[in-house]
Amino acid sequence: MHTSAPLIIANWKSNFSWEQAKNWADSFSRLQSQNHTYIICPPFPLLGAVQGHDFAIGVQDLSPFEAGAYTGAVSPQNLDGLNVTYALLGHSERRMYFAETSHSVAQKVELAFAHGITPIVCVDMEQVSEQSAALSGLSAQQRATLVIAYEPVHSISTFGGKEDPIQVTLQNIEKIKGAFECETVLYGGSVSPDNSLTYLQPESISGLLVGGASLDPKQFAQI
Ligand code: PGA
């Protein structure tokens, strides 16, 4: 049994128009289960389209800097009033296509904490030692709040979607908890209504990060 409701995150990546986002939020609100805590992470321009529902809102990235002369970056100040309480940081696509480093992820984590935003740091096993070293300055209280999303790159649907045996996933999650000295580790990579129970049953997995299957509100609600 999980002691708290599993966190189920929708990562829309760069999908949807304003109207599609509004329709998604309206449909999902009618379908969502009361047993999970949902966090919806739309692209920045669509944050306004998902307000006023019974789910939490997250961003998919954050500036490493406070508000100022940083063209194109989105600072915590820009998010004021948009009910953003979580930030996905260091997603493998950010690391791969946008040269995100463990160092810049650590700067973003610090900034998120300073503004009351809960960071959700995404890692593959390859990044665990470097990323945990970059976060070695976190306090015990911050580690208790920090969320890590374990996403093996080869398991992400758009990178092949090859699932590891659950025993391997659970062993890796234990290693991650040890390295980050944190409690809350989610799993992500090709999660769908067909396999979500496999990942939600073990007590050591606190929730799921869902990409492709989060784009359909019905499918997402079935997870
Ligand atoms: P996927 O994406 O569920 O489509 O594999 C997960 C992610 O990249 O966050």
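The values are calculated or read from the model by the stated rules, or taken from the named source; none is laboratory data. This one's a predicted model, so the numbers in the text were calculated from it and none came from an experiment. Using ideal geometry, Cβ is built from the backbone for each residue, glycine included, and neighbour counts are taken over all protein chains shown. Please note that ligands, DNA and RNA were not included when accessible areas were found on the heavy atoms of the full protein model with its side chains. Shrake-Rupley method; radii C 1.70, N 1.55, O 1.52, S 1.80 Å.
The figures follow:
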quantity	calculated
Solvent exposure, largest accessible area first (probe 1.4 Å, DNA, RNA and ligands not counted), of GLU93, GLU151, GLU183	GLU183, GLU93, GLU151
Long pairs among LYS13/LYS218; LYS22/LYS162; LYS175/LYS218; LYS22/LYS108, criterion Cα-Cα beyond 24 Å	LYS22/LYS162; LYS175/LYS218; LYS22/LYS108
Net lengthening on full extension, ASP216/THR145 (0.36 nm per residue, minus Cα-Cα)	22.6 nm
Förster radius 41 Å - calculated FRET efficiency between ALA73 and SER204 (Cβ-Cβ, nearest 0.05)	0.70
Estimated [θ] at 222 nm from DSSP helical runs (n ≥ 4, -39500 (n - 2.57)) normalised by residues in the chain, nearest 500	-9000 deg cm²/dmol
Backbone N under 18 Å from the GLU181 label point (7 Å along Cα→Cβ), restricted to the range 131-152	131-148
Percent RCO, i.e. relative contact order, over the range 35-153, from Cα pairs under 8 Å lying at least 6 residues apart	21 percent
Spacing of the two label points (7 Å from each Cα toward its C-beta) at SER4 and TRP18, in nm	3.5 nm
Whole-percent carbon and sulfur share, accessible surface of the chain, 1.4 Å	50 percent
Cα-centre dipole for the chain with unit charges at Cβ (Lys and Arg positive, Asp and Glu negative), debye to 20	200 debye
Segment ALA99-ALA114, length gained on full extension (0.36 nm per residue, minus Cα span)	3.0 nm
Exposed chymotrypsin sites (Phe, Trp or Tyr not before Pro) absent: longest stretch of the chain, with sites in DSSP loops and at most 15 other Cβ within 10 Å deemed exposed	99-223
For the range 58-129: accessible area per residue (Å², 1.4 Å)	46 Å²
